Amino acid sequence: MKTGWRDGNRIELLENGEQFYPRVWDAIRDARREILIETFILFEDPVGLQLHAALIEAAQRGVEVDLTVDDYGSPDLSDDFIRRLTEAGVRLHLFDPAPRLLGMRTNLLHRMHRKIVVVDGQRAFVGGINFSADHLDAFGPEAKQDYAVEVHGPVVDDIHRFAKAAVAPQRRWWQRRRTRRSSPPARNLPEGTARAMFVLRDNDEHKDDIERHYLKAIRLAKRRIVIANAYFFPGYRLLRQLRLAARRGVDVQLVVQGQQADVALARTGARLLYNHLLHDGVKIHEYTRRPLHGKVALVDDEWATVGSSNLDPLSLSLNLESNLVVRDAGFNHELHARLDRLIQQHCQPVTMESAIRGYWWRAPVVFFIFHFLRHFPRIAGWLPRRPPRLTLARIPANPPEPPRPAAKPEPAAKPETAAPTWRTRARRIVTAGFFLTVAGLLAVLASNVDWGEVMRTLAQIRGETLALAGATALGSYLVYTSFDVLGKRYTGHPLPVSQILPITFVCYAFNLNLSAWVGSIAFRYRLYSRLGLDNATITKVFTFSLTTNWLGYIWLAGVVFATGLFEPKLGALSGVMTRGLGGLLLAAALGYLLLCAFSRRRSLTVRGHEVELPSARLALLQLLLGSCNWTLMAATIWILLGGRVDYPTVLGVLLTSGIAGVVAHIPAGLGVTEAVFVALLGDQLGRGPVLAALIGYRAVYYLVPLAMATVIYLLIEAQAKNLRRKNAGPRLEAPQYDRHRARLGSRAT
């Protein structure tokens, strides 16, 4: 949604529920056509019940009423409360409703945090005050200190257009045209002298709009900056501008939470910044009369903002927020007078002595908390989650009658989820047994290893050996990156090889260290989709890559086991069993090649999914490249072992540990590879040298590439972000919650 500065507005500051709620009740009572409300919290307390009654009365006299609440912030609305609203004609929209897990709410991130009221398109309220009794002074010591504004004038058109589009169901083009003709939007005439702009933050087109307005105002400040914010932990840019403003002589004052906040980590995070801000001359005041919930600021004698956005990672990077930015000397003066009274009467100044008291022992905790909060939005973006949605609450008009006893017992209905089959149970038992066996082997191994010998062996590994092992590991990674290049040939997608190689490198490193779900699947979907590939193509690419890796394993293991190059000495029949397994693996690999070469049908159906077969040439390349990758992996370990064991033996042990790792389902095969190598080579070389070589292998093949992949990933993300900004087209007029994550429109729950 595009917004701009609107002249001729009348804006009145409202402090706490005592001033805010009566104005809202009056506006609802005077409504004639339409009421639009968005709120993060709605409780069934005296304030919530007042709103409930007012909306029902308005709906019954023919006013269209849309009420949107966040399902995380308002999780406990009773069926009766909702039923009475819906029966009266109120449309109650729930933002991102989700079932609870073990009694806990699961829809924590990406909340609808706005607080907006628009009546008849001519009168609006924007701020940080929810509909709950804890915003009233009568609530007691825990009553919140907060602010909102009542708005009249042209800027109300922008607020109304946004709030209306947010709850409007998606319509066909002919329906939209008819709607526009029958009910054109109201145009508000100038009623005052204030310039104002309605500013949003969402996860699509307005990701940093509110923060950019703060930054611009602070950068241009000449005399004073006053910020009162309940949860203060902004990003580097905003902190830097505040410190620079204080250095150039601007009077910078922060009013922050002094009492224990409802989010304790937020208060802790704010205190981590005290000594850095105080050092540059920023004045910090902790509000101690009651919990601070305000989100307001002013700069010099004209600029001010009031809204729902805190200056913390949730509000600046995840939540859906709205602020009103105002340019008006009278409004600025009134807000400054109220904040100055707050500072003088109910705040305690923070001194450098109190900020650094005990800092020496808190420094490590400070470091980790600071960087966790700083990177939290990015971490949260990696977590799997379903897209948030807006749904229309529907409750039956009357409670259902209890079922009457039937004359004959009815057959039991099938459960929605079928019971595990005997195969599933057997697989779980085998996996659990294998996992316990590995754990037991590791426990015995750890107790019997001479760790001093391990350290001495590690210290004796020469730099040339590590360099050669690193070069071999790099060669293995380069071979693996070619898997997705073959996938380009297989799918025919248009991405150039220069973009495919770094993505595959990142995916392989994260796959090895964190599991296939993170590396092969999650990172491929995220990175390839940024470059324009659709989900079906991405699925084909990572399936082809996975097939290439394990086809090479099957072929190589078949050759090594069937020819007797490696025979584990585990009993009289071990050689026969190994050769038999090798023969089966060779038959499987050859069967795949023959199927690709001579099958008339170019697709197969596997568990309901259609799989396209590659050409015989591509299948042969899959076999050769997959085998080459595994041989280079074994060569890395062989080099670190100093050549004290023949290479086919090392290759056979690695292939055996690969089977064990698949059965155990442990990311990176951590512990499994070590247990298998010590069991099969420990008697020949000693446990210390084997473990030392494997520790070196973990470093050069897992950890160093992971560090490189992390840097490459951040560069790819930055490049993609710059590309999106460069290629951004004209923005849509109709506002949306989040075009890629939320489907707007009302849907029955």
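The values are calculated or read from the model by the stated rules, or taken from the named source; none is laboratory data. Owing to the predicted nature of the structure, the values given are computational and were not obtained by experimental measurement. So basically every Cβ, Gly included, is an ideal-geometry build from the backbone, and we count neighbours across all protein chains shown. With ligands, DNA and RNA removed, areas are computed over all heavy atoms of the protein, side chains included. Shrake-Rupley method; radii C 1.70, N 1.55, O 1.52, S 1.80 Å.
A few comments on the model shown:
- Chain lengthening between L714 and R61 when straightened (0.36 nm per residue, less Cα-Cα): 229.4 nm
- On full extension, the segment bounded by E142 and R240 gains 32.0 nm, given 0.36 nm per residue less the C-alpha separation.
- When you filter the chymotrypsin sites (Phe, Trp or Tyr not before Pro) in the stretch 1-34 for DSSP loop state and at most 16 other Cβ atoms inside 10 Å of their Cβ, you are left with W5.
- Full extension of the chain between E334 and D683 yields a length gain of 117.3 nm, computed as 0.36 nm times the residue separation minus the alpha carbon distance.
- With every protein chain in place, the stretch 22-123: carbon and sulfur % of accessible area (1.4 Å): 52
- Among the trypsin sites (Lys or Arg not before Pro) in the stretch 272-309, those placed in a DSSP loop whose Cβ has at most 14 other Cβ atoms within 10 Å are R289.
- Heavy-atom accessible area per residue - the stretch 17-66, 1.4 Å, Å²: 41
- Accessible-area composition of the stretch 194-238, carbon plus sulfur, in percent [1.4 Å probe]: 54
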